[in-house]
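These notes are about the structure you will find just below.
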Amino acid sequence: MISTEFDSLPKKDEWVPIYKFWLLHVGFWVFVSVISFVSLTLWYGPYDWTHILHMLAQALVGLTLTIILYFGFIRIWNINITYRATLGLAMVLLVSFVWTFFRIEAFVLLTEDTTEWSEFGGWHFASMFIFLCWAGMFHGIRYNDLLQTEHRIMLKAEAEAREEQLKRIRAQSIARDSQIKMLRYQLNPHFLCNTLNAINSLVEVEESEKAQKMTVQLSRFLRHSLDNNPDTKITLKNEVAAINLYLEIEKTRFGDRLGLDFNIDSDAQMALVPSLLLQPIIENSMKHAISQNELGGTISLAAKVEAGRLKLALSDTGSGSKIGKSKMESSKGRGVGLRNTNDRLKALYQDDFSIDITILSSGGLKTSINIPWEDGLIETNFVSSEGLLHSHKEQYI
């Protein structure tokens, strides 16, 4: 059974293009006439106008009969292949019989030669061969057009599928970027509130010079936040420079109570990391460790590259009192910062990252981050404020 999946095609696609069939149809009978003239008329002679007129008349009638045969084939096209073959053969035999009868009758009328009726079988055999050739041409064109139509449909479906896939990818990218921006911008209000409260405290105790200095430092830090897209990555070198803008603000508040110990391997300096990835973790340490300890404390940062991975470790010396792990992890401030960092890394790296939290013996918290190493071939230009790196305990980039 021939597949009928083409039955539902639009009518305009049934014959595409329609002129191709008619061109071949007329060309077929021109070819038959030329072959008939060369192989019969010229060979047997005489080739007077009566024979030429007979040749043209039989070609015209044959063309008309094949048009009838064409509509007959179209009408039975979608039935069972066995019935279609049987009916098609019967139509070819009938049409070839009619054409043979006309050819002989026209030849007798034009030449007054009645002996040709005795050759009816030979004339009919030739007629059947011609109409069978025409039927083969018809089916060849038909299947070729259906194949081309199916090919166009497949190409269109593939194009639509690719377009739909691109739309989904674009939608996923927009959603991902929106998620990253949301998570990134979530940090600014939290940090801004803390800093403004610190400036307000300095104003209340009439430390106007420190308040003014902190305001300028805050402006620089926020300017950096605005100038860097939250969904882009920067080198670790520039990330640390940005963190020091934040720590410069905190140093104005805590002075010598805040110690920094940065140890970054040279091959990790140009590794790409999400913008302001470390800021919420360090801010947690400032809020829950340094500010809670009368003696202050130290914030440490270590970075190295191992086996194609960038490994970061941030820790603080704690608040000076021993606390349990459950209490540490449930701390509101630290929970928000670590959750935010985890969500941003998940949006960027899916499952190809890890964050491990360890409570140190001092009561401080150590956060270890493991992400794929990406080499920042083009260093981001970054201008830090004067006197940014000034602690004798720090090993700066």
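Throughout, read-outs are computed from the coordinates displayed, never taken from laboratory work. The structure displayed is predicted, hence computed values, not measured ones. Neighbour counts run over all protein chains shown; Cβ positions are idealised from the backbone, glycine included.
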List, in the order given, every pair from K287/K366; K210/K237; K210/K287; K213/K287 whose Cα-Cα distance in the structure shown is over 22 Å.
K210/K237
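Percentage of Cα-Cα pair distances in segment 81-126 greater than 16 Å, rounded to whole percent? Mind showing how you got there, number by number?
Values: 470 of 1035 pairs.
Of all Cα-Cα distances in segment 81-126, 45 percent exceed 16 Å.
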Note: segment 73-175, point scatterers on Cα, Debye, no solvent; log10 I/I(0) at q = 0.24 Å⁻¹ equals -1.18
Quickly rank 264-272, 239-247, 25-33 as a protection proxy: mean count of other C-beta atoms within 10 Å, highest first.
239-247, 264-272, 25-33
Quickly rank 155-162, 352-359, 295-302, 252-259 as a protection proxy: mean count of other C-beta atoms within 10 Å, highest first.
295-302, 252-259, 352-359, 155-162
Amide hydrogen neighbours beyond the local backbone of T317, cut-off 5 Å, H modeled:
T298
